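First up is the structure itself, then whatever we jot down about it.
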Amino acid sequence: MTENAINLKNTVEAIVFASGEPIDRLRLIEALGCSPERLDAILNEIAAEYDERGSAVQLLLLGSDVQFATRPEYAMAVRNVLDMKRNQPLSSAGFEVLAIVAYNQPVTKAFIEQVRGVDCSGVINTLCQRKLIEECGRLDLPGRPLLYCTTTEFLKCFSMTTLAELPEIPDTKAAAQALEDIQKDDSVSSGQMSIL
């Protein structure tokens, strides 16, 4: 590896480390004057080096952003030493809204409420405060309703690099049929039990 290549790699590592937050790859490309392919090769090389040596730190590739973070197995120790407060876990309503946004984004509040059948203002505000979703524009309709989408924080929390890693939604007709079959089996079994 040439001295220039080592210097570029070290510069990328220093910038990502010093930022402390996810940094957009485009900003790195513009600042360093390198090609996207060259930057991706450097980032993959840095990530591999940290993985190979079993470092407690890892380089996260979060969609178009990159960030250094501690590995999950050290989270409790870091929390204890830095006296970080644990976030309250998401409610089932929070997970439902998050799933609706993740699978259908960008979406409006009205769409989310139509799917859930209840007001979702509080849940949407909580997810925005936790930076799991964010406003990403307005729909070109009367009233210009806000659109919501997931964030890089969402990807980080669920250990994904892109939304393409979301699991497929199960076939609802097949699930409904399976539930119906189970209910039939249960009613037959309970009917036999009462006869005996």
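The values are calculated or read from the model by the stated rules, or taken from the named source; none is laboratory data. Note that this is a predicted model, so its numbers are computed, not measured. We place every Cβ from the backbone using ideal geometry, glycine too, and count neighbours over all the protein chains shown. Heads up: the accessible areas ignore ligands, DNA and RNA and are worked out on the full protein's heavy atoms, side chains in. Shrake-Rupley method; radii C 1.70, N 1.55, O 1.52, S 1.80 Å.
Results, tabulated for the structure shown:
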{"quantity": "Scope the stretch 98-131; condition without any contact (Cβ under 8 Å) to a residue 40 or more places away in the chain and in contact with a strand residue (DSSP E or B) (Cβ under 8 Å, 6 or more places away or on another chain); matching residues", "calculated": "100, 109, 112, 124, 127, 128"}
{"quantity": "Pairs, first more than 17 Å from residue 50 (Cβ to Cβ) in the stretch 1-16, second surrounded by 11 or more Cβ atoms within 10 Å (Cβ to Cβ) and not small (Gly, Ala, Ser), C-beta under 7 Å, six or more apart", "calculated": "8/32; 8/34; 8/42"}
{"quantity": "Scope the stretch 111-147; condition aliphatic (A, V, I, L, M), open to solvent by 50 Å² or more (accessible area, probe 1.4 Å) and within 16 Å of residue 95 (Cα to Cα); matching residues", "calculated": "115, 118"}
{"quantity": "Among residues of the stretch 38-63, those that are touching a residue at least 60 places away in the same chain (Cβ under 8 Å) and touching a strand residue (DSSP E or B) at 6+ places or on another chain (Cβ under 6 Å), counted", "calculated": "1"}
{"quantity": "Residues of the stretch 136-163 that turn out to be within 15 Å of residue 99 (Cα to Cα), of a type in the set (A, V, I, L, M) and out of contact with any Asp or Glu (no Cβ under 9 Å at 6 or more places or on another chain), as a count", "calculated": "2"}
{"quantity": "Selected residue (criterion: least open to solvent (accessible area, probe 1.4 Å)) from residues of the stretch 24-37 that are out of contact with any helix residue (DSSP H, G or I) (no Cβ under 7 Å at 6 or more places or on another chain) and touching a residue at least 24 places away in the same chain (Cβ under 8 Å)", "calculated": "24"}
{"quantity": "Exclusive hit being of a type in the set (Gly, Ala, Ser) and under 17 Å from residue 60 (Cα atoms), set 5, 18", "calculated": "18"}
{"quantity": "Qualifying positions in the stretch 130-162 - part of a loop (DSSP other than H, G, I, E, B) and small (Gly, Ala, Ser)", "calculated": "143, 159"}
{"quantity": "Residue within the stretch 5-16 that is assigned to a helix (DSSP H, G or I), more than 26 Å from residue 123 (Cβ to Cβ) and under 21 Å from the mean Cα position of the chain (by Cα) present", "calculated": "yes"}
{"quantity": "Residue within the stretch 88-99 that is open to solvent by less than 40 Å² (accessible area, probe 1.4 Å) and under 28 Å from residue 12 (Cβ atoms) present", "calculated": "no"}
{"quantity": "Test: residue in the stretch 39-53 that is under 22 Å from residue 130 (Cα atoms), modelled with pLDDT of 85 or more, among the small types (Gly, Ala, Ser) and loosely packed, with under 15 Cβ neighbours inside 10 Å", "calculated": "no"}
